[in-house]
1. Go through region 51-66 and give me each residue that's open to solvent by 10 Å² or more (accessible area, probe 1.4 Å) and without any contact (Cβ under 8 Å) to a residue 60 or more places away in the chain.
2. Across region 134-185, what is the total count of residues that are assigned to a strand (DSSP E or B), over 16 Å from the mean Cα position of the chain (by Cα) and surrounded by 16 or more Cβ atoms within 10 Å (Cβ to Cβ)?
3. Among residues belonging to region 189-200 that are open to solvent by 90 Å² or more (accessible area, probe 1.4 Å) and assigned to a loop (DSSP other than H, G, I, E, B), point out the one that is modelled with the highest pLDDT.
4. Looking only at region 105-123, filter to residues that are part of a loop (DSSP other than H, G, I, E, B) and among the acidic types (D, E); which one of those is surrounded by the fewest Cβ atoms within 10 Å (Cβ to Cβ)?
5. Among the numbered criteria (1) at pLDDT below 95; (2) under 19 Å from A265 (Cα atoms); (3) of a type in the set (D, E), which single criterion is violated by E115?
6. Checking L69 against (1) outside any loop (DSSP other than H, G, I, E, B); (2) touching an Asp or Glu at 6+ places or on another chain (Cβ under 9 Å); (3) of a type outside the set (S, T, Y), which single condition isn't satisfied?
7. Let me confirm something: among V203, V208, which residue is in contact (Cβ under 8 Å) with a residue 40 or more places away in the chain, touching a Cys at 6+ places or on another chain (Cβ under 8 Å) and open to solvent by less than 20 Å² (accessible area, probe 1.4 Å)?
8. Does Y257 fit the bill of being modelled with pLDDT of 95 or more and touching a Gly at 6+ places or on another chain (Cβ under 7 Å)?
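The values are calculated or read from the model by the stated rules, or taken from the named source; none is laboratory data. Source: prediction; values computed, not measured. Note: ideal-geometry Cβ built from the backbone for every residue, glycine included; neighbour counts use all protein chains shown. The accessibility values were calculated without ligands, DNA or RNA, using every heavy atom of the protein model including side chains. Shrake-Rupley method; radii C 1.70, N 1.55, O 1.52, S 1.80 Å.
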Amino acid sequence: MQQQELDPNLHWLANYQAQLVYLDDKTRLGKTTHFGPLRVQRPFYPEGNCCAHLYLLHPPGGLVAGDYLTIGLHLHPHAQALMTTPSAGKIYNNITERKQFQKVSLNIEDSAVLEWMPQETLVFDGAEGELITEVELADNAQFMGWDIVCLGRPSSEDWFERGSVRQVLSIKRNGQPLFIERNSISAASDIMQDKAGLARQAVFGSFVLTNETDQIPELDEEQRAALENLAALTAETGQAKGLVAVTHKPGLVIVRYLGPCADNAKKVFIKYWQWMRPFVNGREACAPRIWNT
């Protein structure tokens, strides 16, 4: 969706931009701008002043036809932040020709660390959504972030039978691509059923951690079994069990989930994050309190 196509009379626009700076041994929320229903109330510091925990609030709770959300974070050198959302994002049924659009731009400067951990996005039957996340890393910058998409609402047997969603996750360091994933999924396409596609599963997700100096170790047998057990928890719908894979690539590690349950995807990703966070930023995992509500 191009900027010149946007008409305030047809599109509901919302924007949140924030800078995080490291000053006097504390990561602080710097200059912010916003309009529309997107904002952060204040940072929390449950693990000390180095890392700010931020909760991105979107009071409407979801995207309807013509909604256009843009989110940007700029971490200055040595700043550290963990951002999450209080609830799942939603892309609702759409009976118009206007897309539902969200773009996230994350700029992480030298020696800064960002953990981008939003709740899952629920794509309702009939939705027409675009989800784009772009990450730009400087030297020694670190990133841990996931993207979880649930097609339909499997727990309510509300299946994704109409509509489409386009998803892009791009990570670059100094302008050079580290990871680019593009998914264009139509409810009517073969990818929904093919074994080489979603294999009739409703939930897919990727968790990417930078690993520039190979500091993240391979899983041992016990850890691998634990992730497989979390992914394979039987869903109430009785559908096939979920799968998980961990892949080490130059400069990063990719954890993937495919299965029937967004909660299982989050459990897999959170468990891996708990194990590997100390190798990325030198601290034990500290889950946001909002995850417990």
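1. Once the filter is applied, which keeps residues that are open to solvent by 10 Å² or more (accessible area, probe 1.4 Å) and without any contact (Cβ under 8 Å) to a residue 60 or more places away in the chain, region 51-66 yields L57, H58, P59, P60, G61, V64.
2. Residues meeting the conditions: 6.
3. Going through the qualifying residues, I end up with R200.
4. Step one: list which residues in region 105-123 are part of a loop (DSSP other than H, G, I, E, B), which gives 109-112, 118-120.
Filter again for among the acidic types (D, E), leaving 109-110, 120.
Values: E109: 20, D110: 13, E120: 22.
That would be D110.
5. Looking at each condition in turn, E115 falls short on (1).
6. (2)
7. Result: V203 is the single residue among V203, V208 that is in contact (Cβ under 8 Å) with a residue 40 or more places away in the chain, touching a Cys at 6+ places or on another chain (Cβ under 8 Å) and open to solvent by less than 20 Å² (accessible area, probe 1.4 Å).
8. Numbers: modelled with pLDDT of 95 or more: yes; touching a Gly at 6+ places or on another chain (Cβ under 7 Å): yes.
It is true that Y257 is modelled with pLDDT of 95 or more and touching a Gly at 6+ places or on another chain (Cβ under 7 Å).
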